[in-house]
1. Could you tell me whether VAL189 is more than 23 Å from ARG237 (Cβ to Cβ) and either at pLDDT below 95 or surrounded by 23 or more Cβ atoms within 10 Å (Cβ to Cβ) (or both)?
2. Out of ARG237, ARG227, ARG256, report the one residue that is open to solvent by 80 Å² or more (accessible area, probe 1.4 Å), on the phi < 0 side of the Ramachandran plot and without any contact (Cβ under 8 Å) to a residue 24 or more places away in the chain.
3. Collect the residues in the stretch 39-74 that are part of a strand (DSSP E or B), touching a residue at least 24 places away in the same chain (Cβ under 8 Å) and open to solvent by 10 Å² or more (accessible area, probe 1.4 Å), keeping them in residue-number order.
4. Would you pick out the residues in the stretch 146-177 that are in a helix (DSSP H, G or I) and either without any contact (Cβ under 8 Å) to a residue 12 or more places away in the chain or over 17 Å from the mean Cα position of the chain (by Cα) (or both)?
5. Out of (1) under 22 Å from GLY140 (Cβ atoms); (2) out of contact with any Gly (no Cβ under 8 Å at 6 or more places or on another chain); (3) in a helix (DSSP H, G or I), the odd one out for ALA255 is which?
6. Could you grab me the full set of residues in the stretch 21-38 that are open to solvent by less than 40 Å² (accessible area, probe 1.4 Å) and not aromatic (Phe, Trp, Tyr)?
7. If you check every pair at least six apart or on different chains, which have Cβ atoms under 8 Å apart with a residue in the stretch 310-324 that is under 15 Å from THR268 (Cα atoms) and part of a helix (DSSP H, G or I) first and a residue that is among the small types (Gly, Ala, Ser) and modelled with pLDDT of 95 or more second?
Amino acid sequence: MICVYGAGSIGCYVGGRLAAAGADVVFVGRERIAAEVRDHGLRLTDLDGADEHVAHPRYETDPAAAADADLVLVAVKSAATADAAAQLAPLLRPGTPVVSFQNGLRNTATLRSGLPEAVVIPGMVAFNVVHRGDGAFHRGTGGGLEAQAHPALAPHLDAFARAAMPLALHDDLLGVQAAKLLLNLNNAVNALSGLPLRTELSQRPYRRVLARAQREALAAYKAAGIRPATTAGADPRLVPYVLDLPDALFARIAARMLAVDPHARSSTADDLAAGRPTEVDYLNGEIAALAAEHGTAAPVNERLTALVHAAEAGGRRDFTGPELLAAVVRPD
């Protein structure tokens, strides 16, 4: 049995696709989503035209449902990682593989600290999922599932392949996670723009904010000895230069980056819209912390983090591109 622990948008989509392909899946999450799933089941769609329905998935709110799991996929928000580990620790059999399908760079270490008898494996979800309500979850961008190679995953690889979500394995996932974090620095930009991802990324002033945030991240990575992986054939050190290009040239060169569902927004934007705390401290805030630890500066990421926290408290989330650029380069 596969347990998806913290089954929100990402967890419901990944677990739902596994269940639709015949895997034995139990979801553990909040009553709000459990009620939706009881009433509507799970509908999983994507920008490539897939459309699957799981009529009666097993969605529980009691962590004890994870007790018999042969594999646990942790998809809780980063701030809840330590609590998730504490809930799982007395339930899991020794040696149970636990994959962190979470944002940021430090969740695996937190899980390993709280689950010393489990086999904790770093993982990554490279796509965006939109929760459309009534049990419907839509993958709005490209990308797949990635994990660090480990023998404990071998019995489960076929399940992911049957679900058309093959698990790409890496000898060292840290570089892959660092590359994804570079892209996820846009979550704050998108949330503060109030626009769909494609619309926001199509406007150069917003991209210039992202480019500055990424340059700070690359400097912090270099100081920390982290080498972000090449993704989609692109050297991550060159991406800020591409982001800075005029709109028409960017659209030609970076067509893949703009291959996004027209309604897709970042998870940070979704959290703000729903009145939930965001993960900005584990995204832009992660870069600011890493920079501070290694003697570099990250004022743009610090300012973006502060602006998102202000938005959580009712502040602006409708900055134009020029306004946001001015706000992060010349803070009030």
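1. Working: more than 23 Å from ARG237 (Cβ to Cβ): no; either at pLDDT below 95 or surrounded by 23 or more Cβ atoms within 10 Å (Cβ to Cβ) (or both): yes.
In short, no.
2. ARG237
3. Just the residues of the stretch 39-74 that are part of a strand (DSSP E or B), to begin with: 42-46, 51-54, 58-60, 71-74.
Okay, now just the ones that are also touching a residue at least 24 places away in the same chain (Cβ under 8 Å), so 42-46, 52-54, 58-60, 71-74.
Answer for the stretch 39-74, where residues must be part of a strand (DSSP E or B), touching a residue at least 24 places away in the same chain (Cβ under 8 Å) and open to solvent by 10 Å² or more (accessible area, probe 1.4 Å): ARG43, THR45, ASP46, GLU52, HIS53, VAL54, ARG58, TYR59, GLU60.
4. PRO151, ALA152, LEU153, ALA154, PRO155, HIS156, LEU157, ASP158, ALA159, PHE160, ALA161, ARG162
5. (3)
6. Scanning the stretch 21-38 gives ALA21, ALA23, VAL25, VAL26, VAL28, GLY29, ILE33, ALA34, ALA35, GLU36, VAL37.
7. ALA311/ALA191
Condition check ((1) modelled with pLDDT under 95; (2) under 27 Å from PRO196 (Cβ atoms); (3) of a type outside the set (Asp, Glu)) across all residues:
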residue: ALA84; (1), (2), (3): no, no, yes
residue: LEU91; (1), (2), (3): no, no, yes
residue: PRO97; (1), (2), (3): no, no, yes
residue: LEU115; (1), (2), (3): no, no, yes
residue: VAL120; (1), (2), (3): no, no, yes
residue: GLY142; (1), (2), (3): yes, yes, yes
residue: LEU145; (1), (2), (3): no, yes, yes
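The values are calculated or read from the model by the stated rules, or taken from the named source; none is laboratory data. These figures come from a predicted structure and were not determined experimentally. Here Cβ is always computed from backbone atoms with ideal geometry, including for glycine, and neighbour counts include all displayed protein chains. We work out accessible area using only protein heavy atoms, side chains counted, and drop any ligands, DNA or RNA first. Shrake-Rupley method; radii C 1.70, N 1.55, O 1.52, S 1.80 Å.
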